[in-house]
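The values are calculated or read from the model by the stated rules, or taken from the named source; none is laboratory data. The model shown is predicted, which means the values in this text are computed figures rather than measured ones. Reconstructed Cβ throughout: ideal geometry from the backbone, glycine too, with neighbour counts over all protein chains shown. Each accessible area value is taken on the protein alone, full model and side chains, heavy atoms only, with ligands, DNA and RNA left out. Shrake-Rupley method; radii C 1.70, N 1.55, O 1.52, S 1.80 Å.
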Amino acid sequence: MNLGLKNDEVKIVPFSKEWIKEFSRVRKEIHQSTNISEDRIVHIGSTAIKGMMAKPILDILVAVDDLTTVDISIINGLKSIGFLRLRVQRPNEIVFAKFADQTYQVKTHYIHLVEFEKELWKDLIFFRDYLNANKKTREEYLNLKLDYIKKHSTGVNAYTDHKERFVKSIFKKRTGQKK
């Protein structure tokens, strides 16, 4: 299993069952190093959607009660298993990454630390579950990703922006809002 992308690289690869096994392995590591309950450590993103081509980076959602009071032992526990806090600023989220080696050029895993049962937690899990349950929607999402990849091999922010409207439209289905 090859995981990892260089900074700003964008590519997608065929779905691999190895992603599920790797998530299970990392989930145990996270639990053991932080004491965060395993039910608060979930696999999200395209690598968690059956049959979906994806960027070869594992996205892991980890929940705490309150982001403003994250215990330093959690940050140190994640660091002890190779996850470093990124400078990325996102509302209601702290982002960590694991790298392929000590050059820190290739990211292999992301942790999205959020508050348990809050909107972002619910939205990200709903998105994964909705796509897993809806083949047509999965195909639409894949086509959107392929559309970007046909034209670009870099620009991770632009890639994310390219998908944003689609992703938000799925989030809105959770709360019953109109597109």
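Report, to two decimal places, the Cα Rg of the chain normalised by 2.2 N^0.38 Å (N = number of residues).
Working: Rg = 15.9 Å, N = 179, 2.2 N^0.38 = 15.8 Å.
Normalised Cα radius of gyration, the chain: 1.00.
Across every pair of different alpha-carbon atoms, what Kirkwood hydrodynamic radius in Å does region 97-179 reach?
14.8 Å
At a Cα cut-off below 20 Å, give the aspartates and glutamates reachable from LYS150, other chains included and same-chain residues fewer than 8 away excluded.
Filter leaves ASP8, GLU9, GLU139, GLU140, ASP161, GLU164.
Run lengths n ≥ 4 of DSSP H only: what is the helix-derived mean residue ellipticity at 222 nm for the chain, with -39500 (n - 2.57) per run over all residues, to the nearest 500?
The helix-only estimate for the chain comes to -14500 deg cm²/dmol at 222 nm.
At 1.4 Å probe size, with no ligands or nucleic acids counted, give the accessible surface of SER153 in Å², nearest ten.
It works out to around 80 Å².
Note down the accessible area of ASP71, probe 1.4 Å, to the nearest 10 Å².
About 80 Å², rounded to the nearest 10.
Could you order peptides 103-111, 165-173 by the average number of other Cβ atoms within 10 Å of their residues, highest first?
Averaged packing, sorted descending, gives the order 103-111, 165-173.
Run the 1.4 Å probe and let me know the accessible area of GLU18, rounded to the nearest 10 Å².
80 Å²
Taking the Cα centre of region 93-179 as origin, sum charge times position over the Cβ atoms of Lys and Arg (+1) and Asp and Glu (-1), and report the length of that vector in debye to the nearest 20.
Result for region 93-179 is approximately 480 debye, rounded to the nearest 20.
With the convex hull built on the Cα atoms of region 74-129, state its orientation-averaged projected area in nm².
Averaged projected hull area, Cα only: 4.6 nm².
Placing one identical point scatterer on every Cα of region 1-89 and ignoring solvent, what is log10 I(q)/I(0) from the Debye formula at q = 0.13, 0.25 Å⁻¹?
The Cα Debye sum returns log10 ratios of -0.48, -1.32.
How high is the relative contact order of region 54-179? Use alpha-carbon pairs under 8 Å, at least six apart in sequence, and give a whole percent. Can you show the working numbers first?
Working: 128 pairs, mean separation 27.7, N = 126.
Over region 54-179, the number comes to 22 percent.
List the lysines whose Cα lies under 22 Å from the Cα of LYS118, skipping any in the same chain that are fewer than 8 positions away.
Here the lysines satisfying the reach criterion relative to LYS118 are LYS168, LYS172, LYS173, LYS178, LYS179.
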